[in-house]
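Undergrad: Take this structure, written in structure tokens, and hold onto it; I'll ask about it next.
The values are calculated or read from the model by the stated rules, or taken from the named source; none is laboratory data. All values reported here derive from a predicted model rather than from experimental measurement. Methodologically, a virtual Cβ is constructed for each residue, glycine included, from the backbone with ideal geometry; neighbour enumeration extends over all protein chains shown. Protein only, heavy atoms only, side chains kept; ligands, DNA and RNA dropped before computing areas. Shrake-Rupley method; radii C 1.70, N 1.55, O 1.52, S 1.80 Å.
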Amino acid sequence: MLATLRQLGPALRALIGLTVILGLIYPFAVWAIGQVAFKDQANGSLIHSNGQVVGSRLIGQQFDGPRWFHSRPSATGDTPYDAMNSYGSNLGPTNPELVKLVKERKATVAKENGVPQSEVPPDAVTASSSGLDPHISPEYAAIQVNRVAQARGLSVDRVKQLVEDNTDNPSLGFLGNAGVNVVELNLALNQASGRG
């Protein structure tokens with residue numbers, strides 16, 4: 001019994017020491033480094049407008065109507081871009097339900113933008129794996145430019161410039177693809193239209 005009590009002391013000290021180091025000091029150090037070196041990212045990459053948070057650079061939003069650039073479809077259930085319900089559709093490329101859905105979406109996108117269905121890019125009709133992606137391809141943005149410019153009374157060149165200004169290029173110039181952040185683009189459109 002005495003031997004057990006002698007071993008209990010160092011074990012208890014190790015438990016308390018490791019709890020303080022790994023449960024308090026380490027998390028605080030990571031938090032502090034994040035706040036100093038990566039403040040925007042550590043706090044959710046929030047987008048502000050007129051002193052209010054209007055979204056995040058990392059999570060898409062649903063935009064309906066001709067005045068807005070439309071996001072890619074979201075697979076997060078009844079509430080599009082629901083960050084608490086993130087998942088993909090899990091439907092395979094040969095699934096009849098997905099094939100039907102893609103055909104319907106393609107027809108809708110082509111009609112609302114006045115382009116042939118052959119010009120509708122894949123991201124216009126398919127959800128991202130998380131269902132939350134805020135980006136669309138430059139090709140999808142390009143087919144929406146005329147519709148948005150007309151609905152907002154802006155020149156096509158002005159809207160094209162806003163698309164270019166809100167296009168994120170591949171990381172390090174070669175990792176990934178270019179993408180247009182729809183949340184930021186629509187916010188810029190409001191400002192250009194005098195509504196921001």
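Undergrad: For region 90-137, give me the residue count where each residue is surrounded by fewer than 16 Cβ atoms within 10 Å (Cβ to Cβ) and either β-branched (Val, Ile, Thr) or under 19 Å from Leu185 (Cβ atoms) (or both).
TA: Counting residues in region 90-137 that are surrounded by fewer than 16 Cβ atoms within 10 Å (Cβ to Cβ) and either β-branched (Val, Ile, Thr) or under 19 Å from Leu185 (Cβ atoms) (or both) gives 4.
Undergrad: Under 6 Å between Cβ atoms, at least 6 apart or on separate chains: pull out the pairs that start in region 51-65 with a residue that is more than 18 Å from Gly179 (Cβ to Cβ) and end on any residue that is open to solvent by 30 Å² or more (accessible area, probe 1.4 Å).
TA: Hits for this filter: Val53/Leu46.
Undergrad: Here's another thing I want to ask about it. Give all pairs with beta carbons closer than 7 Å in which a residue from region 148-168 that is over 14 Å from Ile136 (Cα atoms) and touching a residue at least 60 places away in the same chain (Cβ under 8 Å) meets a residue that is outside any helix (DSSP H, G or I) and charged (D, E, K, R); count only pairs at least 6 apart in sequence or on separate chains.
TA: Pairs found: Val148/Arg67; Ala151/Arg67; Arg152/Arg67.
Undergrad: If you don't mind, another one. Does Pro80 count as within 24 Å of the chain's Cα centre (by Cα), surrounded by 11 or more Cβ atoms within 10 Å (Cβ to Cβ) and part of a loop (DSSP other than H, G, I, E, B)?
TA: Yes.
Undergrad: Here is a follow-up. Take the residues in region 120-144 that are among the acidic types (Asp, Glu) and either in contact with a Phe, Trp or Tyr (Cβ under 8 Å, 6 or more places away or on another chain) or farther than 21 Å from Gln161 by Cα (or both); name whichever of them is modelled with the lowest pLDDT.
TA: Only one residue tops the list, namely Asp133.
Undergrad: Return the total of residues in region 39-77 being open to solvent by less than 80 Å² (accessible area, probe 1.4 Å), assigned to a loop (DSSP other than H, G, I, E, B) and either in contact with a Gly (Cβ under 9 Å, 6 or more places away or on another chain) or farther than 17 Å from Gln144 by Cβ (or both).
TA: 14
Undergrad: Here's a follow-up. Mind listing just one residue for me: the one in region 159-174 that is closer than 14 Å to Ala188 by Cα and open to solvent by 100 Å² or more (accessible area, probe 1.4 Å) and, of those, nearest to the chain's Cα centre (by Cα)?
TA: First pass over region 159-174, keeping only residues closer than 14 Å to Ala188 by Cα: 159-167.
Applying the additional criterion that residues be open to solvent by 100 Å² or more (accessible area, probe 1.4 Å) yields 160, 164.
Numbers: Lys160: 21, Glu164: 18 Å.
Per the stated criteria, the residue is Glu164.
Undergrad: Tally time: how many residues in region 150-185 are of a type in the set (Gly, Ala, Ser) and within 23 Å of Val125 (Cβ to Cβ)?
TA: Counting residues in region 150-185 that are of a type in the set (Gly, Ala, Ser) and within 23 Å of Val125 (Cβ to Cβ) gives 4.
Undergrad: For the list (1) hydrophobic (A, V, I, L, M, F, W, C); (2) in a loop (DSSP other than H, G, I, E, B); (3) touching a Ser or Thr at 6+ places or on another chain (Cβ under 9 Å), I need the number of the one condition that Ala110 fails.
TA: Checking Ala110 against (1) hydrophobic (A, V, I, L, M, F, W, C); (2) in a loop (DSSP other than H, G, I, E, B); (3) touching a Ser or Thr at 6+ places or on another chain (Cβ under 9 Å), the one that fails is (2).
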